[in-house]
Structure formats: C-alpha cells, structure tokens
Amino acid sequence: MLKQKLLFIVAIVFCNSAYSQFEDVKAVAEDLIFLTDQYITPAANASVFQASGGWCTSAKPKNKFDVELSIQYNMLLIPDNQKTFLVNQAQLQNIGIQGSATSSLIPSALGGDNTVVLEGSINDEVFEFDAPEGINANTVQHGQVQASIGLWKKTNVIVRLAPSIKINSSVYKSLGFGVMHNLNQWFNGIKNSTYNFAFLGTYSNYSVDEDFNEADLIIGKINVIKVDGQSYGFNLISSKTFSNFDVSLGLGLATSNFDYKVGGEGDLLLEILNTGLETLSKSRTNFKSDLSVNYNLDNFSINTMLTFGAYSNIVIGLNYNFI
C-alpha cells in the first residue's frame, strides 16, 4: 500500500513538473515569435522597396525584338526609425531584459551592433542570450542585372536577377519579372502626345537570411532567421524626351507577403517556433513614387531612378540597346 502511495505521489510530481515545463516552453516560444517579428519585419519590408525600382529607363515602348541589357547598382537608404524597436517587459511572458531595466531599444535586422542581453527560464533553469544584432550600416547596397525585350502591341518583357550577396550578417538574393505596356495606343486623346504613358506590372521573389550569435534556450538553439518573400508591383508611368534625356515619373503600389523561419538545433523547439511564425505570414501593401532620368548616348544609356515611400531607394544603371 505504501509503495502505491509513493508511486502516486511521484506521478503527481512528474505531471506537475511536465506541465510547468510545457507552460514555460510555450511562454518562451510566444516571446521569441514576438521578438522575431519585431526584429526581421523592417528588413522584409525594405526588400520590397529594393526590388521595386529601376525596372525601366522610360515609358517609351521598344521596337519589336529590340533588346536592352543593363547592369545596375541598387542602394537602399535605411531610416533611423527602422533600426531599433522598443520592448517593454509587460509585452513579454517569460523572457526578460537582464538587469533592472523594464524596457530597452533592441536593434532590428537593419540596426546597429549594440548588445542587449535577454534572459528567461524553463522549469526553473535559467538561460540568457544576446539579442541579435543588425547589419550596422546606413545603406544596403548590391548589384543586379536586367534584360528587356520589345514584343507585340508595344509591350516590353523584363527579367531581373540580383545574385546572392552577403551584407555583414545578412544574405540577400532576388529574381524578378516585369511587363510594361504602352497606353498611348489605346486612347485617342494621347495617341499623338509627346508624353509616353505605360502600365508596368512586376513580380519579385526574394530571400533574406540573417545569421546571429547562437542563443542556447536549454531545449534547443537558434542561430538564423530566414525570410522568403514575394511581391507584386502595379505602376503607372509617364515620360517625356528632352534632346538626349528621358525624364520619367511613376506612381505605384506593391503587395507583398513573407514567410519566416528560424534555424538551429532541437527539433521540438524549432517545430514550435516555426509553427508559431506561420501566423506572421500576412500580406502588406506599400505605396511609392519614382523619379527617373535617362541619358542616351548612341546605343548606350545611363539612368538613375529614385524611389520614395516608407524607404528610399536609388538605382543607377548602365544600359546597352541592341537595335
């Protein structure tokens, strides 16, 4: 009888301990999902603007089967308000800011390299880790190549590739397609206009991998956050030629969605976190405007496009036209 009572007591203690550990793991996971969202979302949104500019040198349609090849330099300007995010202790369930502070500014993926130490506990076992650092830069710069060809009905088809490039702790790559269609041909009022009007539709698929110092959370470790995103752009463009210069203005919007995933060690931890991160996958819409100047010199041209919105982006291209 005594033996049965002891087994019953051990079973209760074990169940209580397992339940307590489950609650701790659940709270830690929810905190990490919240922190991941705050950390990586600025970089994900920035990728939309990086991919949205420089798709054309003007709204003029190309002649059928004329080809333009471009080598482009792409630079995103990082605003200060996207470099950090404020975390209050009241927003967290288990993880906290080490020390007596009740709030702290933590670097986003686009932020600096200052260190903020976080701590938590699972089943009364304490762990601590450094919050991930940012890229510690004021701009994000990379190269890309682009090709466009004129087809029927004054339509240009465009292909763009930004090969994998490492920017401090981040790796960025992108592939995109676009279609630009001249509108003058469809409206009598602008058929003979000295201005060219066009609709530009684009699709971009991109990924951002952000490595950081390993965080040991007792039941597993995490050391990378991955973002896979895609965006669709819809733009109205108008341009006018002045001697050797083409000046263009554009208005547009981009709808985008992202999938987040963390990597590391510990199947249970990664499964819980990545399942939770699926709830962060949602569509976003960004509005933007473009200003472009293109200088033509025989079959060559040099163009600069400025994109304005939540982020500012600059694309400079050297183009050659096979006509």
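Read-outs throughout are calculated quantities, based only on the coordinates presented, and are distinct from any laboratory measurement. The structure presented is a predicted model; accordingly, all values stated were derived computationally and were not measured. Positions of Cβ are generated from backbone atoms using ideal geometry, with glycine treated the same way; all protein chains shown enter the neighbour counts.
Compared with the alpha-carbon gap, the fully stretched path from residue 91 to residue 289 is longer by 67.7 nm at 0.36 nm per residue. Against the chain, whose longest principal axis comes from its Cα atoms, helix 267-277 is set at around 50 degrees. Round to the nearest 0.05 the FRET efficiency obtained for residue 320 and residue 214 when R0 = 41 Å and r is the Cβ-Cβ distance. Efficiency, from the Cβ-Cβ distance: 0.30. With contacts taken as Cα pairs under 8 Å and at least 6 residues apart, the chain reaches a relative contact order of 19 percent.
With the contact rule set at Cα under 8 Å and sequence spacing of 6 or more, what percent relative contact order holds for the range 167-244? Before the final figure, lay out each step's value.
Numbers: 135 pairs, mean separation 26.1, N = 78.
Taking the mean separation of contacting Cα pairs over the length of the range 167-244, I get 33 percent.
With R₀ fixed at 51 Å, the C-beta to C-beta distance from residue 63 to residue 274 puts the FRET efficiency at about 0.55. Counting only alpha carbon atoms, the long axis of helix 2-50 and the longest principal axis of the chain meet at about 20°.
Here the chain is assigned +1 on the Cβ of each Lys and Arg and -1 on the Cβ of each Asp and Glu. Its dipole about the Cα centre then comes out at about 1900 debye.
Here the Gaussian network model covers the chain, with springs between Cα atoms less than 10 Å apart; of 247, 117, 126, 126 fluctuates the most. Summarising the label geometry, the points placed 7 Å from Cα in the beta-carbon direction at residue 194 and residue 115 lie 6.4 nm from one another. Cross-link partners of residue 154 among lysines, defined as those whose alpha carbon lies under 17 angstrom from its own and excluding same-chain residues fewer than eight positions apart: 60, 62, 64, 191, 240.
For residue 226, the lysines whose Cα comes closer than 19 Å to its Cα, not counting residues fewer than 8 places off in the same chain, are 83, 166, 173, 261, 282.
When the charge dipole of the range 195-314 is built from unit charges on Cβ atoms (+1 for Lys and Arg, -1 for Asp and Glu) and taken about the Cα centre, the candidate among 239, 291, 256 whose Cα reaches farthest toward its positive end is 239. Backbone N atoms of the range 272-301 closer than 13 Å to the 7 Å Cα→Cβ label point of residue 232 belong to residues 283-285.
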